[in-house]
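Asks: Questions regarding the structure given below will be posed in turn.
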Amino acid sequence: MSKIAVIEIFGPTIQGEGMVIGQKTMFVRTAGCDYSCSWCDSAFTWDGSGKSLIKQMTAEEIWTELKRLGGNGFSFVTISGGNPVLIRHLEALVRILKENDIRIGVETQGSRWQDWLYEIDELTISPKPPSSGMKTDFTVLTEIIDKLNARNGNQHISLKVVVFDEEDYEYAKKVHLRYPTIPFFLQVGNDDTTTKDQTKLVSHLLKKYESLINKVMADEELQNVKVLPQLHTLVWGNKRGV
Ligand SMILES: C[S@@+](CC[C@H](N)C(=O)[O-])C[C@H]1O[C@@H](n2cnc3c(N)ncnc32)[C@H](O)[C@@H]1O
Ligand SMILES: Nc1nc2[nH]cc(C(=O)O)c2c(=O)[nH]1
Ligand code: SF4
Ligand SMILES: [Mg+2]
């Protein structure tokens with residue numbers, strides 16, 4: 001059985017971001033990323049600092065751990081990372097989840113393709129704005145979106161762009177106007193992913209959320225969009241595994 005590099009499995013919790021915000025879910029976080037965003041809130045998945053946490057697991061072992069943690073109390077699993085779409089063998093986990101009537105969400109940046117993406121119920125694609133230091137390959141992103149659109153069974157897909165500054169905002173707009181039919185989310189960037197002062201962090205992030213709301217509300221070019229904070233950060237701050 002092929003192994004999958006997993007750095008954490010946690011839940012039940014709520015999905016704190018994007019198209020299924022508030023959804024009760026378990027999380028599987030894979031190790032490794034093809035990006036290295038300057039502000040990544042999960043840098044331990046790729047920067048070496050979480051190396052000792054990485055476990056090579058079979059899909060069955062991951063399912064056993066999900067059941068141990070979540071019992072019979074969940075019907076949704078979110079796979080995030082790192083970039084889970086680097087891992088072809090996740091196909092086996094997707095199959096087990098489907099066999100057990102579990103709905104599946106995936107978080108990815110839209111830089112890679114795997115055929116198992118067709119099987120994902122709620123797929124969030126989050127291309128990265130300039131402040132991340134990464135450069136979007138729009139040819140690849142368009143290929144991914146075209147493939148998914150061509151099939152489009154009962155699958156829901158969305159685009160989610162994190163915004164830290166004016167340049168990011170303009171980038172977000174460009175992404176939305178390029179793919180106007182894909183549900184679009186703007187997400188407040190957390191610019192202090194290490195502080196333990198939750199009170200200060202939350203009031204800071206709520207102010208940033210208000211500014212982003214105000215900007216979008218005054219913008220005639222952004223109409224059918226949703227503006228969200230990271231709900232889990234407002235509730236639990238920078239705590240890991242929630
Ligand atoms: C840690 S990433 C893992 C999945 C995938 N690599 C990606 O970036 O989409 C999960 C989500 O968190 C977002 N994110 C990462 N760091 C963030 C931060 N400092 N503030 C707000 N959102 C952040 C990413 O943009 C992505 O939408
Ligand atoms: N509660 C919760 N919601 C999330 N949504 C996306 C997350 C991620 O790190 O991918 C995340 C996370 O780490 N926790
Ligand atoms: S793509 Fe996602 S996991 Fe990778 S560095 Fe960027 S935010 Fe972090
Ligand atoms: Mg996160």
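Asks: Tell me the residue from Thr124, Thr64, Thr78 that is out of contact with any Leu (no Cβ under 7 Å at 6 or more places or on another chain), of a type in the set (Val, Ile, Thr) and within 22 Å of Ala172 (Cβ to Cβ), please.
Replies: So the residue among Thr124, Thr64, Thr78 that is out of contact with any Leu (no Cβ under 7 Å at 6 or more places or on another chain), of a type in the set (Val, Ile, Thr) and within 22 Å of Ala172 (Cβ to Cβ) is Thr124.
Asks: Got a number for residues in region 53-106 being under 21 Å from Gln155 (Cα atoms) and of a type in the set (A, V, I, L, M, F, W, C)?
Replies: 16
Asks: Conditions: (1) within 16 Å of ligand 3 (Cβ to nearest atom); (2) more than 26 Å from Gly189 (Cα to Cα); (3) assigned to a helix (DSSP H, G or I). Thr64 meets all but one. Number of the miss?
Replies: Single failed check for Thr64: (1).
Asks: Could you list all residues from region 32-44 that are within 14 Å of ligand 4 (Cβ to nearest atom) and touching a helix residue (DSSP H, G or I) at 6+ places or on another chain (Cβ under 7 Å)?
Replies: Of everything in region 32-44, those that are within 14 Å of ligand 4 (Cβ to nearest atom) and touching a helix residue (DSSP H, G or I) at 6+ places or on another chain (Cβ under 7 Å) turn out to be Cys33, Cys37, Trp39.
Asks: Among residues belonging to region 88-117 that are aliphatic (A, V, I, L, M) and within 15 Å of ligand 2 (Cβ to nearest atom), point out the one that is surrounded by the fewest Cβ atoms within 10 Å (Cβ to Cβ).
Replies: Once the filter is applied, the top-ranked residue is Ile104.
Asks: Can you work out which of the residues in region 45-61 that are away from ligand 4 (no atom under 16 Å from the Cβ) and either of a type in the set (Lys, Arg) or not in a loop (DSSP other than H, G, I, E, B) (or both) is nearest to Trp113 (Cα to Cα)?
Replies: Among them, the one singled out is Ala59.
Asks: Among helices (runs of 4 or more DSSP H) lying entirely in region 68-184, which contain 2 or more residues that are in contact (Cβ under 8 Å) with a residue 60 or more places away in the chain?
Replies: Of the helices (runs of 4 or more DSSP H) lying wholly inside region 68-184, those with at least 2 residues that are in contact (Cβ under 8 Å) with a residue 60 or more places away in the chain span 90-99.
Asks: Taking the options Thr30, Thr45, name whichever one is under 14 Å from the mean Cα position of the chain (by Cα), modelled with pLDDT of 95 or more, more than 10 Å from ligand 2 (Cβ to nearest atom) and among the polar types (S, T, N, Q).
Replies: Just one listed residue meets the conditions, Thr30.
The values are calculated or read from the model by the stated rules, or taken from the named source; none is laboratory data. Keep in mind that what you see is a predicted model, and the values were worked out from it rather than measured. Here the Cβ is made from the backbone with ideal geometry for all residues, glycine too, and neighbour counts use every protein chain on show.
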